[in-house]
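Student: Input: one structure, supplied below.
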2 protein chains.
Amino acid sequence: MKYNYFIPTRIIFGENCIKENSNYMTIGHKALIVTGKSSRNNGSLDDVISALESHGIKYEIFDRVRSNPDLENVSEGADVARRADVDFVIGIGGGSPLDASKAIAVLAANPMMDAEELFSNAFKNKPLPIIAVPTTAGTGSEVTPYSILTYDRIGSKKNFVSPYIFPQVAYLDARYTINLPYSVTVDTMLDALSHLIEGYLSVKYSDFYFWMVEKGLKGLSKNYKSVMDGQLDLKTREVLLNSSLLGGMLIAHTGTSIVHAMGYSLTYYKDIPHGRANGMLLADYLKFNCETDGDKVEHILSLLNIGDIEELRSIVSGLLQRVDKRPDISESEMAHYASIAIQAPNIANNKKVVTQEDLFKIYKSSLMWI
Amino acid sequence: MKYNYFIPTRIIFGENCIKENSNYMTIGHKALIVTGKSSRNNGSLDDVISALESHGIKYEIFDRVRSNPDLENVSEGADVARRADVDFVIGIGGGSPLDASKAIAVLAANPMMDAEELFSNAFKNKPLPIIAVPTTAGTGSEVTPYSILTYDRIGSKKNFVSPYIFPQVAYLDARYTINLPYSVTVDTMLDALSHLIEGYLSVKYSDFYFWMVEKGLKGLSKNYKSVMDGQLDLKTREVLLNSSLLGGMLIAHTGTSIVHAMGYSLTYYKDIPHGRANGMLLADYLKFNCETDGDKVEHILSLLNIGDIEELRSIVSGLLQRVDKRPDISESEMAHYASIAIQAPNIANNKKVVTQEDLFKIYKSSLMWI
């Protein structure tokens, strides 16, 4: 038996968790709140501000995080952080604001650093401490040491990794997700699903993490029909948020794998939302891994209460039917994406050795069927 | 759904884990190794010293931790730490050295502090960072914010609590437990069992922690017969160590309860080892809680693959047969212990309200049968 386990984040889950646990926000004198335009209207920003004010903590708001933030976007946030002389960062939102808050926390503490150097995973000064408030149920970024940024130079997204960017505190209140539109709910749910599946099949997986896989997948399985029907009460939203958290805790240890590496190009070139891109690739990814990891693939399907991979494909298609037209992607584009994805470091997390040709085939069969 | 989760310790489990992960030991320039006389001979001290030397880190050894260390003992260690000018602490051993290392880490960083002030749970300076290397499978102290010390003023043991005394790194290598004598194996296993049961029944329990209870109890259930037979290979030892870790992770969130509160007097006045004292009380503690927590009690028995509480009692008796004579404790002594235990803060973790008379009855029926 061999494993490592490390989640230093204090996780606080439940209705009104910020209000009832605002003492954990007293980790500095002035905060930069990092968020996007759409993350403000779910009550999270108000709760954070009330909590800060109740403790006399000052704050500045940077709400210009774009979807899939790039280096320029996070540099802009770091400038605001430095000018406002903040000593901690609070990310509020989906994956984009949370990952941006991590990059900003590093850059703000390292004024001489060019944003591109983030990808070296090394920095002189400790990042500012981070608090994370997810407002979607998918990213899991509130409990990971990763920040994924758009990187134009490679025509994809790329992550940087550091134990120092684990958020110090994560507040998970499903009320903030209650009014998410159908498309965001589905896309982010597919992201969580992808984390749980890729994590379980990663070469870095250890049985010590099995509870995350089990609880996470069962939570999604029991609730995807409610998502389809649009019947999402707070209890259902909480289960989705919990599965998302578990997916984050899992990939914090295992990393992601082929699906994420391939999905990035679909987002970068075709603007397909991150989770949706992953979801489209899942079935053929599982097929690809049947040979080497058949038992685990069976186990995933059984935890999802699904008969076979084709049933998974049809459920994902069903979920996406209302939001997605079949993306228009040529074979030469797929070949190009495969040439990018094969260079992603997380490809190495797949047990079965993967070639560029394999990736092309997975793109082709995935995009034909969805 | 409401829960908090916080285990900031980096957990590294497996054979040769210190050697293979010695980089995580580079958290300071000079270490105080805190251990007891009997914890040295299992290879752990050598591994720690080799790892430190490979990184050019200096160290001093304080190996005078006694069983159930008191305030004087940890003050002595803190004096050594200050004189040697160390900047981190490495605890090696069972619960006594690990808990002592936490107290020493606080006192060394707070030179003006009297050891008795530890129980206020407040200190001016952050404790020195702590690395924990358990060499028994029971305490779980490597992943808790607790340190339990003998406190003569109250004639019992008492803990202090602080998020700052969570070890920064815990190395768990079951090789260090391989030659433990039968009595220590059984006593510490009963401590882990008690953590898992008391944690599950604590009012602070949340379902998010269920995996710890499940995996922990099943691990003990599957292996207690090997313990009885003395057939303890490395694999079995690893399962026991893993269950102990899970018990620690659980009580880090839930605290302990009646059993620990009551057990402390048996250790203080009758020198009964900590885990053994807990084990003796478990059956009647479960009986006491049947009324309010019947379903959970049933669940515990089913996870342990045991028919009823009397079977648990007879298993514990069987395990203790080789090590324990029936302790000679009068009824007036039991009444005295009950009057001490009722004042312990962890009594409040029990769902069913407990009176001093209840505790007396649990002592009486437990000690009559064992």
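Yes or no, residue by residue, for (1) more than 29 Å from B:Leu250 (Cα to Cα); (2) touching an Asp or Glu at 6+ places or on another chain (Cβ under 9 Å); (3) not assigned by TED's automatic domain parsing to the domain that holds B:Lys157:
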residue: B:Tyr3; (1), (2), (3): no, yes, yes
residue: B:Asn16; (1), (2), (3): no, yes, no
residue: B:His29; (1), (2), (3): yes, yes, no
residue: B:Ile49; (1), (2), (3): yes, no, no
residue: B:Leu52; (1), (2), (3): yes, no, no
residue: B:Arg66; (1), (2), (3): no, no, no
residue: B:Val80; (1), (2), (3): yes, yes, no
residue: B:Arg83; (1), (2), (3): yes, yes, no
residue: B:Ile90; (1), (2), (3): no, no, no
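Student: Related question: All but one of (1) assigned to a helix (DSSP H, G or I); (2) under 18 Å from A:Leu281 (Cβ atoms) hold for A:Lys235; state the number of the condition that does not hold.
Tutor: The number of the failed condition is (2).
Student: Specify the residue that is nearest to the other protein chains (Cβ to nearest Cβ); the eligible residues are those in the stretch B:37-53 that are out of contact with any Ser or Thr (no Cβ under 6 Å at 6 or more places or on another chain) and among the small types (Gly, Ala, Ser).
Tutor: B:Gly43
Student: Considering only residues that are touching a Gly at 6+ places or on another chain (Cβ under 8 Å) and of a type in the set (Gly, Ala, Ser), which ones fall in the stretch B:261-281?
Tutor: If the condition is that a residue be touching a Gly at 6+ places or on another chain (Cβ under 8 Å) and of a type in the set (Gly, Ala, Ser), then B:Ser265, B:Gly275, B:Ala277 are the ones that fit.
Student: Report whether or not B:Leu282 is outside the structural domain of B:Pro134 (by TED's automatic domain parsing), over 21 Å from B:Thr135 (Cα atoms) and surrounded by 21 or more Cβ atoms within 10 Å (Cβ to Cβ). Walk me through it before giving the result.
Tutor: Details: outside the structural domain of B:Pro134 (by TED's automatic domain parsing): yes; over 21 Å from B:Thr135 (Cα atoms): yes; surrounded by 21 or more Cβ atoms within 10 Å (Cβ to Cβ): yes.
So B:Leu282 passes the test.
Student: If you don't mind, another one. For the stretch A:270-286, check the following and say yes or no: at least one residue is assigned to a helix (DSSP H, G or I), farther than 23 Å from A:Ala137 by Cβ and either hydroxyl-bearing (Ser, Thr, Tyr) or at pLDDT below 95 (or both).
Tutor: yes
Student: Based on what the data block shows, is B:Gly216 of a type in the set (Gly, Ala, Ser) and within 14 Å of chain A (Cβ to nearest Cβ)? Break it down into steps so the answer makes sense when it comes.
Tutor: On the way: of a type in the set (Gly, Ala, Ser): yes; within 14 Å of chain A (Cβ to nearest Cβ): yes.
Judged against the criteria, B:Gly216 is a match.
Student: Next up: Taking A:Leu320, is it within 14 Å of chain B (Cβ to nearest Cβ) and touching a residue at least 40 places away in the same chain (Cβ under 8 Å)?
Tutor: Values: within 14 Å of chain B (Cβ to nearest Cβ): no; touching a residue at least 40 places away in the same chain (Cβ under 8 Å): yes.
Taking the combined requirement at face value, the residue does not satisfy it.
Student: So, of the residues in the stretch A:307-328 that are touching a Phe, Trp or Tyr at 6+ places or on another chain (Cβ under 8 Å) and either of a type in the set (Val, Ile, Thr) or part of a loop (DSSP other than H, G, I, E, B) (or both), which turns out to be nearest to A:Ala252 (Cα to Cα)?
Tutor: Looking at residues that are touching a Phe, Trp or Tyr at 6+ places or on another chain (Cβ under 8 Å) and either of a type in the set (Val, Ile, Thr) or part of a loop (DSSP other than H, G, I, E, B) (or both), I get A:Ile315.
Student: Restricting attention to the stretch B:27-36, which residues are closer than 20 Å to B:Ala109 by Cα and either free of Cβ contacts under 8 Å to residues at least 40 places away in the same chain or away from chain A (no Cβ under 14 Å) (or both)?
Tutor: B:Gly28, B:His29, B:Lys30, B:Ala31, B:Leu32, B:Ile33, B:Val34, B:Thr35, listed by residue number.
Student: Out of the stretch B:200-213, which residues are more than 19 Å from the chain's Cα centre (by Cα) and either touching a residue at least 40 places away in the same chain (Cβ under 8 Å) or not assigned by TED's automatic domain parsing to the domain that holds B:Ile258 (or both)?
Tutor: The first filter runs over the stretch B:200-213 and keeps only residues more than 19 Å from the chain's Cα centre (by Cα), leaving B:203, B:206-208, B:210-211.
Correct list: B:Val203, B:Ser206, B:Asp207, B:Phe208.
Student: Just give me the residues in the stretch A:289-332 being modelled with pLDDT of 95 or more, more than 13 Å from A:Ile197 (Cβ to Cβ) and in contact with a Ser or Thr (Cβ under 6 Å, 6 or more places away or on another chain), in sequence order.
Tutor: Scanning the stretch A:289-332 gives a single hit, A:Asn305.
Student: Scanning the stretch A:84-96 for residues that are part of a loop (DSSP other than H, G, I, E, B) and crowded, with 24+ Cβ neighbours inside 10 Å, which turns out nearest to the chain's Cα centre (by Cα)?
Tutor: A:Gly94
Student: Could you please give the count of residues in the stretch A:141-160 that are more than 14 Å from A:Ala344 (Cα to Cα) and of a type outside the set (Ser, Thr, Tyr)?
Tutor: Residues that pass the stated criteria total 4.
Student: Follow-up question, since we're still on this one. List the number of the failed condition for A:Ala170; all other conditions in (1) over 20 Å from A:Thr9 (Cβ atoms); (2) within 14 Å of another protein chain (Cβ to nearest Cβ); (3) among the aliphatic types (A, V, I, L, M); (4) in contact with a Ser or Thr (Cβ under 6 Å, 6 or more places away or on another chain) hold.
Tutor: It is condition (1) that A:Ala170 fails.
Student: For A:Ala109, only one of the following conditions fails: (1) within 14 Å of another protein chain (Cβ to nearest Cβ); (2) closer than 18 Å to A:Ala132 by Cβ. What is its number?
Tutor: For A:Ala109, the failing item is (1).
Student: Something else now. Where the second residue is part of a loop (DSSP other than H, G, I, E, B) and surrounded by 19 or more Cβ atoms within 10 Å (Cβ to Cβ) and the first is more than 7 Å from chain A (Cβ to nearest Cβ) and lies in the stretch B:4-26, which pairs have Cβ atoms under 6 Å and are six or more apart or on separate chains?
Tutor: Going by the 6 Å Cβ cut-off, the qualifying pairs are B:Thr9/B:Phe166; B:Thr9/B:Pro167; B:Cys17/B:Asp173.
Student: Would you mind finding the one in A:Asp99, A:Asp63, A:Asp79 that is surrounded by 20 or more Cβ atoms within 10 Å (Cβ to Cβ) and at pLDDT 95 or above? Walk me through how you get there before you give the answer.
Tutor: Working: A:Asp63 fails: surrounded by 20 or more Cβ atoms within 10 Å (Cβ to Cβ); A:Asp79 fails: surrounded by 20 or more Cβ atoms within 10 Å (Cβ to Cβ).
Only one candidate qualifies: A:Asp99.
Student: Give the residue that is surrounded by the fewest Cβ atoms within 10 Å (Cβ to Cβ), with candidates limited to residues of the stretch B:248-277 that are of a type in the set (D, E, K, R) and without any contact (Cβ under 8 Å) to a residue 60 or more places away in the chain. Walk me through how you get there before you give the answer.
Tutor: At the first step, the residues of the stretch B:248-277 found to be of a type in the set (D, E, K, R) are B:270-271, B:276.
Those still in the list that are without any contact (Cβ under 8 Å) to a residue 60 or more places away in the chain too: B:270-271.
On the way: B:Lys270: 14, B:Asp271: 11.
Among them, the one singled out is B:Asp271.
The values are calculated or read from the model by the stated rules, or taken from the named source; none is laboratory data. Just so you know, these numbers come straight off a predicted model, no measurement behind them. Cβ: placed from backbone, ideal geometry, glycine included. Neighbour counts: every protein chain shown.
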